[in-house]
Amino acid sequence: MIPRMATIPPGPRAPLPPFPRDFLWGVATSAHQIEGAADERGPSVWDAFTALPGNVKDGTTAAVACDHVRRYREDVALVRDLGVGAYRFSVSWPRVLPTGTGAVSERGLDFYDRLVDELCAAGVRPVPTLFHWDTPLAVEEAGGWLARATAERFAEYAAVVAARIGDRVPKWITLNEPAEHTLLGHALGQHAPGKRLLFDALPAAHHQLLGHGLAVRALRAAGARDVGIANSHGPTWPASESPADREAADFYDVLLNRLFSDPLLLGRYPEVVMELLAADVPDLAADLAVIAEPLDWYGVNFYQPTKVGAPAEHATRFSGVTLPPQLPFAPREITGHPLTDFGWPVVPEALTELLLTLRERYGDRLPPLVITENGCSYDGLDDQDRIAYLDGHLRALHRAMTAGVDVRGYFVWSLLDNFEWAEGYRRRFGLVHVDHATQQRTPKASYHWLGAALARLRTGPGAP
């Protein structure tokens, strides 16, 4: 039993440097990871995936998760008391449309109505994400993201959600991390829907992007004027200066950093991807015109850099994922930095490097940025390692902004300890501890530190 903890004062760290007055501070969650109430929605690919033994390391499911559907008022109060201005959550597609299309669940829409009203009453800006990996199972059985029709179904769903809550929602996110959903869910089989297609998974990437573009149009037709996407990014470092290692790192960089951002921001895929996709997409040019619908801002999820070398002769393990030897690259261990409980290296300066690289790569095609996820997995209530992580990354973010990168906001992942996908409940990313047996919420030291840090920013020099 985790005891309740009194407020732990911030450690002896210098105050954070000043951020702009209108900088948007927030925390993030996702539907499948916290909502629970699985019996009140349609099944998703993650329900099917977690039902198969061995897919989730601790054998758990998200049927209850953090019971957020019933405890959302308590969770909104935690957001309000933290002192952030925004809450990024995701809407569950199967909670709104149990089969992904057709009949709408009024009960599901009513929940998001209540959640948005509660946030607005608390003075917190609601920032919904329309897709965070929980494809309705019926949509998956009809072809899922490998089928072009799914992009159209997604746009229809976006229109339904916007019609219900769009009058109170100024800021929208279409997709969360389509790279991970493609690579882990469709190429490597480590996440739902559990497909192991390797490079034959690329149509899933393309159709997610097409769905994004169609959803942007649907949102704007409903009156939305502040639309973005949340893509994962991180610097790719070659294991050495050898031609083989550099070539492998360049290819990995395409998959992680350019497969999704190039078509969104430049209207074209990297050349190697164009060659691989050409046979699967009859009218690629027309699709790219939809995908490249102008964005009001661009979301960046950042956790770690990756060191990459030439292909291995055998399967390798990386961040808990098994990589087959057929891949034209092999990640290598980054040494000389502390590790999170997930085994991820903590390298704050890599965030500065990433943001400067994005500005250099895309120039005036790069919209204003928002850090839509940044966080770490550590156990314990007195989570000083998480405080150090957040402190270091906020300073790294400030350095990039001082160098001229236009960043408008920052969201911590995550508000709550939650169902961490294939890891189950073994990894704890939350600012708030959740006892999943009792659903008791206990703010951690990092919650109190962040709240105090933001209060100082609001009242310090240059504050309104």
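The values are calculated or read from the model by the stated rules, or taken from the named source; none is laboratory data. Bear in mind the structure is a predicted one, so any value in this text is a computation, not a measurement. Here the Cβ positions follow ideal geometry from the backbone for every residue, glycine too, while neighbour counts run over all protein chains shown. Note: accessible area is taken over every heavy atom of the protein model, side chains too, but ligands, DNA and RNA are not part of it. Shrake-Rupley method; radii C 1.70, N 1.55, O 1.52, S 1.80 Å.
Quick check on region 404-424. Is at least one of its residues touching a Ser or Thr at 6+ places or on another chain (Cβ under 7 Å) and open to solvent by 20 Å² or more (accessible area, probe 1.4 Å)? Within region 404-424 (the criterion being touching a Ser or Thr at 6+ places or on another chain (Cβ under 7 Å) and open to solvent by 20 Å² or more (accessible area, probe 1.4 Å)), the answer is no, since none of the residues qualifies.
Within region 315-329, count every residue that is open to solvent by less than 40 Å² (accessible area, probe 1.4 Å), within 29 Å of residue 356 (Cα to Cα) and either touching an Asp or Glu at 6+ places or on another chain (Cβ under 9 Å) or in a loop (DSSP other than H, G, I, E, B) (or both). The total comes to 4.
Of all the numbered requirements in (1) surrounded by fewer than 16 Cβ atoms within 10 Å (Cβ to Cβ); (2) closer than 30 Å to residue 165 by Cβ; (3) in contact with a helix residue (DSSP H, G or I) (Cβ under 7 Å, 6 or more places away or on another chain), residue 226 misses one, and that requirement is (3). Filtering region 426-459 to residues that are open to solvent by less than 40 Å² (accessible area, probe 1.4 Å) and part of a loop (DSSP other than H, G, I, E, B) leaves 429, 430, 431, 439, 444. Among the residues in region 331-354, are any modelled with pLDDT of 95 or more, touching a Gly at 6+ places or on another chain (Cβ under 6 Å), open to solvent by less than 60 Å² (accessible area, probe 1.4 Å) and among the small types (Gly, Ala, Ser)? No, the conditions are met nowhere in region 331-354. Taking the criterion of being open to solvent by less than 30 Å² (accessible area, probe 1.4 Å) and in contact with an Asp or Glu (Cβ under 9 Å, 6 or more places away or on another chain), the residues of region 39-62 that qualify are 44, 45, 46, 56, 62.
Against the numbered list (1) touching a Pro at 6+ places or on another chain (Cβ under 8 Å); (2) under 21 Å from residue 80 (Cα atoms), residue 443 comes up short only at (1).
Taking the condition over 27 Å from residue 126 (Cβ atoms) and modelled with pLDDT under 95, does residue 380 pass? So residue 380 fails the test.
Against the condition open to solvent by less than 40 Å² (accessible area, probe 1.4 Å) and either part of a loop (DSSP other than H, G, I, E, B) or not aromatic (Phe, Trp, Tyr) (or both), how does residue 65 come out, does it pass? So residue 65 fits the description; yes.
The listed residues are 279, 292, 286, 312, and the only one of them that is more than 30 Å from residue 392 (Cα to Cα), open to solvent by less than 60 Å² (accessible area, probe 1.4 Å) and free of Cβ contacts under 8 Å to residues at least 12 places away in the same chain turns out to be 286. Taking the criterion of being open to solvent by 10 Å² or more (accessible area, probe 1.4 Å), of a type in the set (D, E, K, R) and not in a loop (DSSP other than H, G, I, E, B), the residues of region 374-397 that qualify are 385, 391, 395. Residues in region 114-142 that are free of Cβ contacts under 8 Å to residues at least 60 places away in the same chain, open to solvent by less than 30 Å² (accessible area, probe 1.4 Å) and in a helix (DSSP H, G or I): 115, 116, 119, 139.
Regarding region 74-90, can at least one residue be identified that is in contact with a His (Cβ under 6 Å, 6 or more places away or on another chain), crowded, with 24+ Cβ neighbours inside 10 Å and of a type in the set (A, V, I, L, M, F, W, C)? Within region 74-90 (the criterion being in contact with a His (Cβ under 6 Å, 6 or more places away or on another chain), crowded, with 24+ Cβ neighbours inside 10 Å and of a type in the set (A, V, I, L, M, F, W, C)), the answer is no, since none of the residues qualifies. Listed here are the strands (runs of 3 or more DSSP E) enclosed by region 198-303 that have at least 2 residues being at pLDDT below 95 and within 25 Å of residue 139 (Cα to Cα), and there are none. When we screen 218, 204 for residues that are over 21 Å from the mean Cα position of the chain (by Cα), touching a residue at least 24 places away in the same chain (Cβ under 8 Å) and surrounded by 18 or more Cβ atoms within 10 Å (Cβ to Cβ), the only hit is 218. Checking each residue in region 99-112 for being surrounded by fewer than 22 Cβ atoms within 10 Å (Cβ to Cβ) and either over 23 Å from the mean Cα position of the chain (by Cα) or within 10 Å of residue 31 (Cβ to Cβ) (or both) picks out 99, 101, 102, 103, 104, 105, 106, 107, 110. Mind checking which residues of region 68-90 are part of a loop (DSSP other than H, G, I, E, B) and at negative phi? Within region 68-90, 84, 85 qualify. Taken together, the residues in region 405-464 that are closer than 30 Å to residue 364 by Cα and of a type in the set (D, E, K, R) amount to 2. Just one of the numbered conditions (1) crowded, with 22+ Cβ neighbours inside 10 Å; (2) at negative phi is not true of residue 165: (1).
Can you pull out the residues in region 330-350 that are hydrophobic (A, V, I, L, M, F, W, C) and part of a strand (DSSP E or B)? Hits for region 330-350 are 330, 339.
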